[in-house]
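Right, one structure below, let's go through it.
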């Protein structure tokens, strides 16, 4: 196992542990902050995999943005002090069973198959290549994304705004 | 450089091909600017004017836009399928806007139109997308606009609940679909869905046709389908549908039931045409689609039997119709796609008509339960007759357009069963027909309360049905009746538009 | 399992991240060691409720640390994310600017190319800043009112 693989497993372990904390933690605020660990681990995986742009994106958007949004979202409910375990989940064994089944099925299928992408991944920086695609082939999607973001902005501002009487 | 073209004609050609979408996209910033400068007094009026104007202009442009399938960008395909579902989405947008302006949405019209135009353009681009990345962006635009519209009545707890449920289910479905897309991309090595004629680049379709695909590819396709099944409200992703339709403003529910579902079907047609273009998975995928279709329509119809709320009932009816339409996809051939496009166009009129009329009753009585319709056959004969026509059409009985629609769909199923010697498809067709009988059970409940009630139960007081409302309802109902008899023209149109999908 | 690790097993290791990794390691070591040293060298004192209070005297601690936030914060967070995503788009654009020719678009001169790239981002930013302008005009960011 090379150093790459060790680091890869390290980050994988970090993200799995973070996700487990997030799911199992009885305090919803702690659950949110353990997501930090999960997001960070995923960013590390991207970096090791040579996807530098994705790693940056993961940090900037998920750790820096989405997490803050979730934290605010949770904190404005005012029910954070209550333990999450109050609502007894009746279907927990069934849920675990289904999740495990899906996981094992997917893992089994993925192990047996070969990917076309991945084998020819290079270690070159990806940001510039992505910029090239974004401004060339994907120009329509790129410009449309701005309209999409504008719509999301207006909608979010409307939902949060207090109506003037 | 020899290919030297300035970029201006290149992009402007794309804009010409997608003029309707461009107009809608442009209208969003224009509305916002107008809102800022119009001043509080004229704000709502200006927003309505620009929003409706953009929708109507887009509809006219969509009518004359080419459908030759020439690819100017790898991301979008201007073919018949895109044209058909673009028309459906924009028409639905216009009618939803008219319905909303009749009283449901009185404040914040700027925001309403921004979200509605976003949803419409999202639906149009979803139908035209030929690249997984573009597809995801378009679907998310449609979804997020849908979440916002569903929760638009901020003062209404049910509306907020609807939006919340829609968001949570939607996020999960979207995540599953995105995971499936990444796997498909990994297996195929490209995110382009299909290679149009005359082009050589690789696509998911060309990879699926040549390479022997692993079982994991099948799983990936099913994962993508799961996300799309959510959009069209097919089992087992239909739970959100009744709650959202009940809580959302009625015109928004109508939009979700037609435009959102239509866009989902456009993608399903395009995507499944790509992954069944050869290879050994076709039969399995056909079976998966058929079983999902049958389960969906059975769940929808059985659950609708117990509903007393008109909006919930229509939601379950919309679920059942997702099942009927999926049957047409399951045969994965040209004739099936034609049947889906034909049915979708018929579905547009009858569903929008039914929702519009439910909206009228809700506005006048404040109620959405079936008892609110008591005696309407005598109080408002015209209204009741129109509603009856739409419901009979939803059941699929002649002389309404629902009959040829269902006939073409199930004709394909039995034809497929005969060709492939498939007993699964034969029994699937039988179950589908039985479902039609079940659906009679709940649609006729409307007819019963409207016409067969005791005279003394009829509420007194007038039922206003005139002006714009009457015009809209007649405009939506007349085609249902006309197309029930003279459906040949629409069938030919559907045939032209669906050409080249499979 | 090979293909899962295929990216990790390439022979050209991403050594570019070594400084980041070292920094990360340093941060962990520093914080852990400081805690450990004070635990090892410091006096062990029994704690009690009074000692755990945030203040020695004055106002008594009241309520839970996780108080309710105003929904206004949420709007700020939403706006932040949207402009965060915009930055994400800016970044590859900036790296690419003046680089190669974008696929699918061919230009006569370099100036034309740069103009094109600039125009693309200008359109993108104009549309987004219109949203920002609207939010400001609607006084969604005003804290005093309402």
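The values are calculated or read from the model by the stated rules, or taken from the named source; none is laboratory data. Fair warning: this is a prediction, and the values are worked out from it, not measured in the lab. Ideal geometry is used to build each Cβ from the backbone, glycine not excepted, and the neighbour counts take in all protein chains shown.
Applying the criterion of being farther than 18 Å from residue B:254 by Cα and within 11 Å of chain A (Cβ to nearest Cβ) to the residues of region B:154-163, the residue that is nearest to the chain's Cα centre (by Cα) is B:154. Looking across region B:46-89, the residues that are away from chain A (no Cβ under 14 Å), touching a residue at least 24 places away in the same chain (Cβ under 8 Å) and over 24 Å from residue B:146 (Cβ atoms) come down to B:63, B:65, B:66, B:67, B:69, B:70, B:79, B:80. Determine, yes or no, whether residue A:133 is at pLDDT below 90 and more than 19 Å from residue A:51 (Cα to Cα). So residue A:133 fails the test.
If you filter region B:123-140 down to residues that are more than 8 Å from every other protein chain (Cβ to nearest Cβ) and closer than 14 Å to residue B:22 by Cβ, you find that the one that is nearest to the chain's Cα centre (by Cα) is B:124. If you go through region B:66-84 and keep only what is modelled with pLDDT under 85, in contact with a helix residue (DSSP H, G or I) (Cβ under 7 Å, 6 or more places away or on another chain) and farther than 12 Å from residue B:500 by Cβ, you end up with B:66, B:72, B:73.
Considered as a group, the residues in region A:150-165 that are within 7 Å of chain C (Cβ to nearest Cβ) and closer than 18 Å to residue B:36 by Cβ include one that is surrounded by the most Cβ atoms within 10 Å (Cβ to Cβ), and that residue is A:154. Restricting region C:40-69 to residues that are loosely packed, with under 14 Cβ neighbours inside 10 Å and either touching a helix residue (DSSP H, G or I) at 6+ places or on another chain (Cβ under 6 Å) or at the interface with chain A (Cβ under 7 Å from one of its Cβ atoms) (or both), which is modelled with the lowest pLDDT? Across region C:40-69, the extreme among qualifying residues is C:64. Whenever a residue of region C:99-118 is more than 8 Å from chain A (Cβ to nearest Cβ) and more than 16 Å from residue A:128 (Cα to Cα), its partners that are at pLDDT 65 or above and surrounded by 20 or more Cβ atoms within 10 Å (Cβ to Cβ), lying with C-beta atoms within less than 6 angstrom and at least six residues away or across chains, give the pairs C:107/C:113. The set of residues from region B:90-115 being within 24 Å of residue B:14 (Cβ to Cβ) and more than 11 Å from chain A (Cβ to nearest Cβ) comprises B:90, B:91, B:93.
In this structure, residue A:100 does not satisfy being surrounded by fewer than 14 Cβ atoms within 10 Å (Cβ to Cβ), at pLDDT below 80 and more than 10 Å from chain C (Cβ to nearest Cβ). Of the residues making up region B:349-363, none is within 17 Å of residue B:470 (Cβ to Cβ), out of contact with any helix residue (DSSP H, G or I) (no Cβ under 8 Å at 6 or more places or on another chain), in a helix (DSSP H, G or I) and at pLDDT below 90.
When we screen B:118, B:151 for residues that are at pLDDT below 95, within 9 Å of chain A (Cβ to nearest Cβ) and touching a helix residue (DSSP H, G or I) at 6+ places or on another chain (Cβ under 7 Å), the only hit is B:151.
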